[in-house]
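The values are calculated or read from the model by the stated rules, or taken from the named source; none is laboratory data. Here the structure is a predicted model, which means the values were calculated and not measured. Glycine gets a Cβ as well: all are built from the backbone with ideal geometry, and neighbour counts include every protein chain shown. Note: accessible area is taken over every heavy atom of the protein model, side chains too, but ligands, DNA and RNA are not part of it. Shrake-Rupley method; radii C 1.70, N 1.55, O 1.52, S 1.80 Å.
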Amino acid sequence: MSSPTAAVLGLIGQPATIRELAARPWDAVIVGAGHNGLACAAYLARAGKRVLVLEGRERIGGACTIEEPFPGVRMSPCAYLAGLLHPLVIEELGLPARGFRWTPAVNGLFVPFLDGSSVQLWDDDEKCDDEIRRFAPQDLDGWRAFCDVIRRLRNALRPDGERDLWIGDAPSPEEINARLGSDTEARNVLFHWSMAEFLEHYLTDERLHVALLGQGVIGTNASPFDPGTASIRFHHASGRLGGMPGMWGYVHGGMGMVSFYLCDAAREAGATVAAGIPVAQILPGEGVLLEGGERISAPTVISNADPRRTLALLGSTADPAWRAQVESVPIEGCTVKLNVLLNELPNFTARPGTCQPHHFGQINAPLTKQEWKTSFSAARRGEVADHLWCELYFQSAHDPTVCPAGQHTMSIFAQYVPYTFAQGAGSAQNRWDTRRDEIRRLALNSIGRFCSNLDTAVIDAQVLGPPDIEAKVGLTGGHIFQGECLPGFMWSRRLSARTPMPGVYLCGACTHPGGSVIAINGRNAAMAVLQDAPK
């Protein structure tokens, strides 16, 4: 089945004039056509509600969309890999029948080191055991225990089926404690340990620590030595996509296809999705006011915008206690995304070749423990250190349709960078504009020190720092998860889909269960709206 939304790369336009849209009766208006807003719209429309989705930008999908940063090349500007997309949404909205396909990255995580050694942490337990036995034989039992505590957590909190605690309202601390029982190690991972403590508790080889520290801070403005960062590792390993626990993979056509299929599902169910119509104000219990001054009436408004933008849209109508909760959540991003076009894949000197098993998984350009500390400290001062931690993905290795023959795409997800550079004049955006080439060189050099060919392999690169992400997809602070996902801001402490303002709901990554391309946030919001609706 072909996707009408994908056929135009999300540039769907307006299905009717604003005057016509304003004249229609609506049960709900959704502000923002990110993947969660589109999922919410699909569920509400399937329940018979008259739903209007308003996207201020010309392209739908938010951070999970597809653009052409280079001629003939299709890439998602921000989202890059699927792993936490919820199986229930995939099933209920019929995404496979719409064309959704993905390739599991079973080759796992490859990490080269400057001494010429390397490790490939396969997702296959037997192959990974063989690798650990070769690389750090004294840590084989510790590695198995390290992996097992993640499995125990996933099975306790996110079992397959309706007992998954990501479905519906966030569980209470008492419910989580009951699920964990006497498992002290699992509780430490979920609430207390830093990523460094987590690793050092089970593993002795310094290279294994270095290989995995980044998995505790993905998208998080914290050091891997900060308490609670171990929970980030669990969050990203807790998925069950395709019935493969903890697996991540590549969506055919690019990550934005997820949003495009959800848009198809919403429109097929009867929702109206309009792009290029910015909302200026949310009017609780009444609807929304557009930037052009038009009013669209609806008793229910669901915001897919991040909570700070939602606050701004609510203005003085925001509940004071709710405002304080929103403002207490850190939302300044520390990541830079590079979308890179290559004429060949990188040749890693630790395992030579430009089409090797590691190119089909994920690759980290690691930092030593001291480099991690220096990098985080520099970003806090508004600067950058000598090297960035970089995670690499090669969509074209799995799906050659995304770029011209003979070329490859490389997504780089790197940190730490500051939102605002300490040096320079003008706004955060202006300062980034003057430092962009420097950050491009910094990221590529951070990877290139492990490669023999990167200088000649790179054709072009797009650099998106936190202010660029903020401007491009509307995420305040450039924070990819609409606010921190550390333990103090998760589960019952995360924002609820329900707000104190009458008829106002949230459906984005700021709500339970948190950030990434999940879509259950949108479903949870829709279920809350339907439960609260007058009978």
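Of everything in segment 520-535 that's open to solvent by 50 Å² or more (accessible area, probe 1.4 Å) and not charged (D, E, K, R), which residue is nearest to Cys510 (Cα to Cα)? Steps first, answer last, please.
Going residue by residue through segment 520-535, those that are open to solvent by 50 Å² or more (accessible area, probe 1.4 Å) are 527, 531-532, 534-535.
Next, from what is left, pick out any that are not charged (D, E, K, R): 527, 531, 534.
Values: Met527: 17, Gln531: 21, Pro534: 26 Å.
Looking at the filtered set, the residue picked out is Met527.
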message: Just the residues that are open to solvent by 50 Å² or more (accessible area, probe 1.4 Å), over 23 Å from Val458 (Cα atoms) and either touching a helix residue (DSSP H, G or I) at 6+ places or on another chain (Cβ under 9 Å) or assigned to a helix (DSSP H, G or I) (or both), please, taken from segment 378-402.
response: Arg380
message: Report every pair of residues separated by at least 6 positions or lying on different chains whose Cβ atoms are under 9 Å apart, first residue within segment 450-473 and in contact (Cβ under 8 Å) with a residue 12 or more places away in the chain and within 18 Å of Pro404 (Cβ to Cβ), second open to solvent by less than 20 Å² (accessible area, probe 1.4 Å) and of a type in the set (Gly, Ala, Ser).
response: Ala461/Ala443
message: Quick check on Asn343: is it loosely packed, with under 15 Cβ neighbours inside 10 Å, under 30 Å from Ala461 (Cβ atoms) and touching a residue at least 24 places away in the same chain (Cβ under 8 Å)?
response: yes
query: Are there any pairs, at least 6 apart or on different chains, whose C-beta atoms fall under 9 Å, with the first in segment 421-445 and within 9 Å of Gly465 (Cβ to Cβ) and the second open to solvent by 70 Å² or more (accessible area, probe 1.4 Å), and if so, which?
result: Arg435/Gln423
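Residues are listed down the side, and each one gets a yes or a no for (1) surrounded by 22 or more Cβ atoms within 10 Å (Cβ to Cβ); (2) under 30 Å from Thr368 (Cα atoms); (3) in contact with a helix residue (DSSP H, G or I) (Cβ under 8 Å, 6 or more places away or on another chain):
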| residue | (1), (2), (3) |
| --- | --- |
| Leu442 | no, yes, no |
| Thr456 | no, yes, no |
| Glu484 | yes, yes, no |
| His512 | yes, no, yes |
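Just the residues that are in contact with a helix residue (DSSP H, G or I) (Cβ under 7 Å, 6 or more places away or on another chain) and hydrophobic (A, V, I, L, M, F, W, C), please, taken from segment 120-142.
Listed by number, the residues that qualify are Leu121, Trp122, Ile132, Ala136, Leu140.
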Of all residues making up segment 316-339, the number that are closer than 23 Å to Ala378 by Cβ and of a type outside the set (Asp, Glu): 8
query: Given Leu311, Leu241, Leu290, which one is within 16 Å of the chain's Cα centre (by Cα) and of a type outside the set (Val, Ile, Thr)?
result: Leu241
- request: Considering every residue within segment 407-427, establish whether at least one is small (Gly, Ala, Ser) and closer than 29 Å to Leu342 by Cα.
  value: yes
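How about segment 282-299: which of its residues are out of contact with any helix residue (DSSP H, G or I) (no Cβ under 6 Å at 6 or more places or on another chain) and either of a type outside the set (A, V, I, L, M, F, W, C) or surrounded by fewer than 16 Cβ atoms within 10 Å (Cβ to Cβ) (or both)? Show your work before the answer.
Going residue by residue through segment 282-299, those that are out of contact with any helix residue (DSSP H, G or I) (no Cβ under 6 Å at 6 or more places or on another chain) are 283, 285-293, 295, 297-299.
Within segment 282-299, Gly285, Glu286, Gly287, Glu291, Gly292, Gly293, Arg295, Ser297, Pro299 meet the criteria.
Name the single residue that is nearest to His86 (Cα to Cα) among those in segment 169-192 being open to solvent by less than 30 Å² (accessible area, probe 1.4 Å) and under 23 Å from the mean Cα position of the chain (by Cα).
Our first condition is that a residue be open to solvent by less than 30 Å² (accessible area, probe 1.4 Å); within segment 169-192, this holds for 171, 176, 180, 186, 189-190.
Cutting the leftovers down to under 23 Å from the mean Cα position of the chain (by Cα) gives us 171, 189-190.
Numbers: Pro171: 18, Val189: 22, Leu190: 20 Å.
Filtering first and then ranking leaves Pro171.
Which residue, of Ala266, Ala321, Ala274, is of a type in the set (Gly, Ala, Ser), open to solvent by 10 Å² or more (accessible area, probe 1.4 Å) and at pLDDT 95 or above?
Working: Ala266 fails: open to solvent by 10 Å² or more (accessible area, probe 1.4 Å); Ala274 fails: open to solvent by 10 Å² or more (accessible area, probe 1.4 Å).
Every option except Ala321 fails the conditions.
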